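> I am attaching a structure below and will ask some questions about it afterwards.
The values are calculated or read from the model by the stated rules, or taken from the named source; none is laboratory data. Being a predicted model, the structure only gives us computed values, none of them experimental. Glycine gets a Cβ as well: all are built from the backbone with ideal geometry, and neighbour counts include every protein chain shown. When the accessible area is computed, the model is the full protein with side chains, heavy atoms only, and any ligands, DNA or RNA have been set aside. Shrake-Rupley method; radii C 1.70, N 1.55, O 1.52, S 1.80 Å.
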Amino acid sequence: MKQNLNIYNSLTGKKEEFTPLNDGFVGLYVCGPTVYSNVHLGNCRTFISFDVVYRYLKYIGYKVRYVRNITDVGHLVDDADEGEDKIAKKARLEQLEPMEIVQAYTIDFHNVLQKFNNIPPNIEPTATGHIIEQIEMVKAIIEKGFGYESNGSVYFDVEKYNESHPYGELSGRKIEDLLSNTRDLDGQSEKRAPLDFALWKNASDEHLMKWPSPWGIGFPGWHLECSAMSTKYLGKQFDIHGGGMDLKFPHHECEIAQGTSANGTSPVKYWMHGNMLTLNGKKMSKSTGNSILPEELFSGDNDFMEKAFDPMVVRFFMMQAHYRSNLDFTSDALLAAEKGFNKLMEALSTLEKLKATKDSSTDVTALVNEFHNAMNDDFNAPTLVANLFEAVKFINSVNDNTATISKDDLALLTKEMNGFIVDVLGISLQISSSDDKLAPVMDLVLDLRQEARTNKDWTTSDKIRDGLAAAGIVVKDSKEGTSWK
RNA sequence: GGUCUCUUGGCCGAGUGGCUAGGCAGUGGUCUGCAAAACCAUCUACGGCGGUUCGAAUCCGCCAGAGACCUCCA
């Protein structure tokens, strides 16, 4: 487990050696989706990035409690006082119960992530299931003097908090700058100051999702659920909190303020933020039509990609970029990734067939150590992939008898190649097309073709090959015989 | 307007003060009846202008361009 893992901490802007609060255990919280529409590809990238973080922590021996919430109370669309709840709005438009909306999109979310081979979190709490905890947290914040009630709503007093704590420390903002940039649209605002944010909102009669509270009927503020649920399941302070870049401000900043004022301690030791994803160089946006859903990518039913892509290819493609970098989705890039992916998979099956000899012609231990070094350096999956391809080259060389591998090294390499590809990167191996009924048919067909080839009947053999190709089956001739795929 | 980040070869994308990232494409080769596939080898680089340094693509400054956040957003 002693791996000298380094994590880039958004709070300090530096890579820091990871030391868990409790030796051997890691608390990991990731901000989940608001389930009011289909999960989009950008969301998936964040969750896949943190899936790899979770997987690697486990791989190096930590016991991890991974918590990722489902936001099933819609955040408000507009400014606090004018806004509309996204889920409530959608429910009204579609004439459904809000919980029908939530249920439908939660299922979609789980389905998509499963296709991407994400491991489900250990706890997936919902905001509506933790209203009591949220109310208790609001009470605590008021008690500590950082929250105030106004007309049935409760707000967080940012300026008061800033007197004793640096509000803006995560996003590098200063309260003066924020103030000078605040848009003037209040008027009848219940807030004392424009930077204050809602902890609890008074609900109007038409509002669909609401609960009783000490301040009247209402619903929790947008930032509160994460604070309440992370505290409940991971404690007042925990190790890693992740999420997309776009949540840094104000969401995570508010979480720090809420946690610090309610619990007396900064809630998170290591903040991690994944970067955004673009489509053809531009931000994904539903309004401009520059957007693609995972299902559309898998089915090929979209205007952006030349063909359909397997979820594992998409995942592999994402692994070729660092989680803190932007990643641009283009047809060409996916196509290139698909070929690389196939090469890697091919090598993995070649590895199983390798024959060990007395010595290894290369330092396999060093090769494998590089896998760890890559991931220990702030989960650098792209460097890991590069290192895996170094191993691929070696595997192929052994297969071509231009390199050798010892029995022990072969065992080590097999274990670690599979470990890093399957367990860490989360690339599930393709179930080879061993269709029970097709396989014997193919054996027969290829046998006939081989007969034709032996008889130098090229017309027949090529006809079989072309016919199969038309059916999407690629025939591969090699020294060992003919295979198909 | 404010805060911050980024700018790498035909494409995607790591990384680093002096030593090959990697993948895809291209080129050459091995294999093959011919192909395909596979494998091997190999070319093209660090936005512009200054500065620091023995040496910078890597550090600093300026300029240009892109993006994120400032308002719900992974």
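> Probe of 1.4 angstrom, ligands and nucleic acids ignored: what's the accessible area per residue over chain A, in square angstrom? List each step's numbers first, then the result.
Values: 22920 Å² over 485 residues.
That works out to 47 Å² per residue.
> Next up: Once you have the alpha carbon radius of gyration of region A:438-484, what is it after dividing by 2.2 N^0.38 Å, with N set to its residue count?
Working: Rg = 9.9 Å, N = 47, 2.2 N^0.38 = 9.5 Å.
Relative to the 2.2 N^0.38 Å estimate, region A:438-484 comes out at 1.05.
> Another question, then. Report, in deg cm²/dmol and to the nearest 500, the calculated mean residue ellipticity at 222 nm for chain A, where each DSSP H run with n ≥ 4 adds -39500 (n - 2.57) and the sum is divided by the residue count. Before the final figure, lay out the partial values.
Values: 16 runs with 206 residues, N = 485.
Here the helix-only value at 222 nm equals -13500 deg cm²/dmol.
> Further question: Over region A:278-424, what is the relative contact order in percent, taking alpha-carbon pairs closer than 8 angstrom and at least six residues apart?
Once normalised by length, the contact order is 23 percent.
> Can you tell me what share of the DSSP beta bridges in chain A is antiparallel? A percent to the nearest 5 is fine. Don't skip to the end; give the middle numbers.
On the way: 24 of 47 bridges.
Counting DSSP beta bridges with both partners in chain A, the antiparallel share is about 50 percent.
> What size of dipole, in debye to the nearest 20, comes out for region A:6-274 about its Cα centre when the only charges are +1 on Lys and Arg C-beta atoms and -1 on Asp and Glu C-beta atoms?
On the way: 27 positive and 37 negative charges, 236 e Å.
In total the dipole reaches around 1140 debye.
> Tell me the accessible surface of residue A:65 in square angstrom (1.4 angstrom probe, heavy atoms of protein chains only), to the nearest ten.
About 120 Å², rounded to the nearest 10.
> Taking all protein chains as present, what is the carbon and sulfur share of the accessible area of region A:438-484, in % to the nearest whole number, probe 1.4 Å?
On the way: 1880 of 3350 Å².
The value for region A:438-484 is 56 percent carbon and sulfur by accessible area.
> Per 0.36 nm of contour for each residue apart, how much would the distance between residue A:151 and residue A:361 grow if the chain were fully extended, relative to their Cα-Cα spacing?
Going from the current span to full extension adds 68.0 nm.
> Let me ask something else about it. For chain A, take the longest principal axis of its alpha carbons; what is the angle in degrees between that and the long axis of helix A:331-353, to the nearest 10 within 0 to 90?
Approximately 60 degrees, to the nearest ten.
> Just need the relative contact order of chain A here, percent rounded to a whole number, with Cα pairs under 8 Å and 6+ apart.
Contact order relative to length: 15 percent.
> Could you give the size of the charge dipole of chain A about its Cα centre, using +1 on the Cβ of each K and R and -1 on the Cβ of each D and E, expressed in debye and rounded to the nearest 20? Mind showing how you got there, number by number?
On the way: 51 positive and 69 negative charges, 244 e Å.
Value, rounded to 20: 1180 debye.
> Now, a different point. Using 1/(1 + (r/R0)^6) with R0 = 45 angstrom and r between the beta carbons of residue A:163 and residue A:325, what's the FRET efficiency to the nearest 0.05? Present the calculation step by step, with values, prior to reporting the outcome.
Numbers: r = 37 Å, r/R0 = 0.83.
After rounding to 0.05, the efficiency reads 0.75.
> Under 22 Å Cα-Cα from residue A:463, which lysines qualify once same-chain neighbours fewer than 8 residues away are excluded?
A:476, A:479, A:485
> Let me ask another. Kirkwood Rh, Cα Rg: Rg to Rh for region A:52-172?
On the way: Rg = 18.7 Å, Rh = 17.9 Å.
Result: Rg/Rh = 1.04.
> Helix A:438-454 versus the longest principal axis of chain A: what angle, 0 to 90°, nearest 10, using Cα atoms?
So the helix axis and the longest Cα principal axis differ by about 40 degrees.
> Over all directions, what mean area does the Cα convex hull of chain A project, stated in square nanometres?
About 27.4 nm², averaged over all directions.
> On to the next question. About its Cα centre, what dipole magnitude does region A:357-485 give when the only charges are +1 on Lys and Arg Cβ and -1 on Asp and Glu Cβ, stated in debye to the nearest 20? Please report the intermediate quantities before stating the final value.
Details: 13 positive and 21 negative charges, 114 e Å.
I would put it at about 540 debye.
> Applying the Karplus parametrisation 6.51 cos²θ - 1.76 cosθ + 1.60 with θ = phi - 60° to the phi angles of region A:383-397, what ³J(HN,Hα) value in whole Hz is obtained for each residue in order, glycine and proline being reported as x?
5, 4, 4, 4, 5, 4, 6, 4, 5, 4, 4, 5, 4, 5, 5
> Solvent-accessible area of residue A:40, probe 1.4 Å, all protein chains present, reported in Å² to the nearest ten, please.
Result for residue A:40: roughly 60 Å² accessible.
> Something else about it: Provide Rg and Dmax in Å for region A:6-274, with only Cα atoms included in the calculation.
18.3, 55
> When a/c reaches 1.5 or more, the comparison of a/b and b/c decides; with that in mind, is region A:278-424 rounded, prolate or oblate per its Cα gyration tensor? Please list the in-between numbers first.
On the way: a/c = 3.37, a/b = 2.17, b/c = 1.55.
Taking the square roots of the gyration eigenvalues as a ≥ b ≥ c, region A:278-424 is prolate.
> Can I ask one more? Beyond a 27 Å Cα-Cα separation, which of these cross-linked pairs lie in this structure: A:14/A:393; A:86/A:160; A:307/A:355; A:191/A:248; A:58/A:86? Please report the intermediate quantities before stating the final value.
On the way: A:14/A:393 34 Å; A:86/A:160 30 Å; A:307/A:355 38 Å; A:191/A:248 22 Å; A:58/A:86 36 Å.
Exceeds cut-off: A:14/A:393; A:86/A:160; A:307/A:355; A:58/A:86.
> Continuing with the same structure: In terms of the ratio Rg/(2.2 N^0.38 Å) built on C-alpha atoms, what value belongs to region A:192-273?
Numbers: Rg = 14.0 Å, N = 82, 2.2 N^0.38 = 11.7 Å.
Cα Rg divided by the expected 2.2 N^0.38 Å: 1.19.
> Something else about it: Taking amide hydrogens as modeled 1.01 Å from N in the peptide plane, which residues meet the under 5 Å criterion relative to residue A:150, leaving out close sequence neighbours?
Hits under the 5 Å cutoff: A:155.
> Using only the Cα atoms, work out Rg/Rh for region A:353-485, with Rh taken as the Kirkwood radius, to two decimals. Don't skip to the answer; put the middle values down first.
Numbers: Rg = 19.6 Å, Rh = 17.7 Å.
So for region A:353-485, dividing Rg by the Kirkwood Rh gives 1.11.
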